[in-house]
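The values are calculated or read from the model by the stated rules, or taken from the named source; none is laboratory data. Quick caveat, the model's predicted, so the values are computed rather than measured. Methodologically, a virtual Cβ is constructed for each residue, glycine included, from the backbone with ideal geometry; neighbour enumeration extends over all protein chains shown.
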Amino acid sequence: MNAKLIESLKEALHKVWHNKYRLLAVCIVMAVILSVFHFILNGSTASVQLALNYSEASKGLNPNSTLFNINEFVSDEVMTAAINSAGLDGKIKPDELAKGISIYPSYANGDDELYISTTYRIVYNSRKSGVSRPDAMNMLKIICSAYTEYFLNNYGDSSAALSFQQADFSMSEPYLKLVEFQIHLDRVERYVEQRISESTSFIDKDTGYSFLSVKKMINQMNNYDIPAVFAYVKENSVAANSTSLISTLEFKNIVQKIDYDKLMAFYGSDNMGIKLYDTEMSGIVLIPTVDEKNEYYMSRTRTALDDMAQSSDKSLQDATDIRDEIEATKYVIKQIKEGNESAVNLKEANRLVDELEKTLDGIVDKLCHIDTAYIKYKTQNYITYNYDVTSTLSRLDVTKTAAEIFVFLSVCFGVFFIRALVKKTEEGRK
């Protein structure tokens, strides 16, 4: 039996050697076909590492502190946006595209589901979604871009500066319109100061302006432009309807006088409490404290006396501000009563106010442009993607192709061996 096996093995080897050129040709053809097949097959899959890079992400939240949900990556809104961007509108449905996407959270501690992941591996398979063009990697990039836009629009920082463009100065009286104008400018200034506190160095590349540039423009209006128009209106007794304006200002003073009396009452109450406070008690409320050199010393703790003193100071300051405003309004009332209405002065005042409004509109437009650019700059790294790029050689999968050819040659050798063994067995029976 062993002799038959050896003879059969020799004959199979002889067959292989005899057909070596045919087998080589077949192997070459197989290598080409299999390489192309692997190249196409591997090109149908692409993957990316998605990372969340804002502080709230570690708490499982969006930038606006709402709950983060990675499943929104395959939401209908994102899929629809990706389909439109890829030019596949009408060719595939959002749920069909979503079928080709798999999302895997990256856990730092194995498979601990209690761990809040800030990175996710996303795999896209074009065969599962039924999309042949564009290729898997380009389609994945389109989907990621659609998700980023969706995420920033819904959860990113929004520009409140855009609301300033909707200001409507409806007052017909130049003086009241200036007051309304000043209130609006103060709102714009507070917003700009908030942005400056976030970034003093940001400069819009398109305009060359920064938030500091806008702040300087606002200072120009606050310190020179608006006071100049206010002065013109007051000194020239400008009023479209003096009787109506005087009534409005007098009523304003009545309301502010009530606020003034209330604040002065708080101030008096706090002062009375301070006088009644046990001075001996305030002198002995001490606590051990450590200084910068780690040396102990006794420090007086905060007491009710401190709170009352602080409240008293604030009430007095607020009351003083209201009193000054009341006196300024009284002066305006006096000027209007003593002056004569002039159509020429009214026309000039309206022109000056219109110029101020145009100047402010220009400032707000610049602010909105800068703010939009700043938000884009600020949020550009909220989500980052690290795509798994495969080389052409990897997509050809040479190792797998070689293994498959080896299997083919092994099968051929097996067929030759079995045929030779069967032949030797039949000859032995004869």
ask   = Yes or no: Y267 within 23 Å of D318 (Cβ to Cβ) and in contact with a Leu (Cβ under 9 Å, 6 or more places away or on another chain)?
value = yes
query = When only residues in region 1-54 that are touching a helix residue (DSSP H, G or I) at 6+ places or on another chain (Cβ under 7 Å) and not in a helix (DSSP H, G or I) count, which is modelled with the lowest pLDDT?
reply = G43
remark   = Screening G100, G60 for residues that are at pLDDT 80 or above, in contact with a strand residue (DSSP E or B) (Cβ under 8 Å, 6 or more places away or on another chain) and on the phi > 0 side of the Ramachandran plot leaves only G60
message = Taking the conditions exactly as written (within 27 Å of R187 (Cβ to Cβ) and within 45 Å of the chain's Cα centre (by Cα)), does L245 satisfy them or not?
response = no
ask   = Which residue pairs have Cβ atoms closer than 8 Å, lie 6 or more positions apart in sequence or on different chains, and pair a first residue in region 347-369 that is over 19 Å from Y232 (Cα atoms) with a second residue that is among the polar types (S, T, N, Q) and surrounded by fewer than 21 Cβ atoms within 10 Å (Cβ to Cβ)?
value = D361/Q165; V364/Q165; D365/Q165; K366/T207; K366/S213; C368/S159; C368/Q165; H369/T207
task = Sort through N381, N350 and tell me the only one that's outside any helix (DSSP H, G or I) and either crowded, with 17+ Cβ neighbours inside 10 Å or not small (G, A, S) (or both).
result = N381
query = Has region 87-100 got at least one residue that is acidic (D, E) and assigned to a helix (DSSP H, G or I)?
reply = yes
query = If you go through region 319-328 one residue at a time, do you hit one that is surrounded by 15 or more Cβ atoms within 10 Å (Cβ to Cβ), closer than 14 Å to P174 by Cα and assigned by TED's automatic domain parsing to the domain that holds P227?
reply = no
task = Evaluate region 226-239: report whether one residue or more is within 38 Å of the chain's Cα centre (by Cα), closer than 25 Å to I336 by Cβ and not in a loop (DSSP other than H, G, I, E, B).
result = yes
note = Condition set crowded, with 16+ Cβ neighbours inside 10 Å and in contact with a Leu (Cβ under 9 Å, 6 or more places away or on another chain), scope region 87-108, selection farthest from V131 (Cα to Cα): answer is I101
Subset tally (residues that are over 21 Å from the mean Cα position of the chain (by Cα), surrounded by 18 or more Cβ atoms within 10 Å (Cβ to Cβ) and either at pLDDT below 85 or basic (K, R) (or both)) for region 134-163 = 2
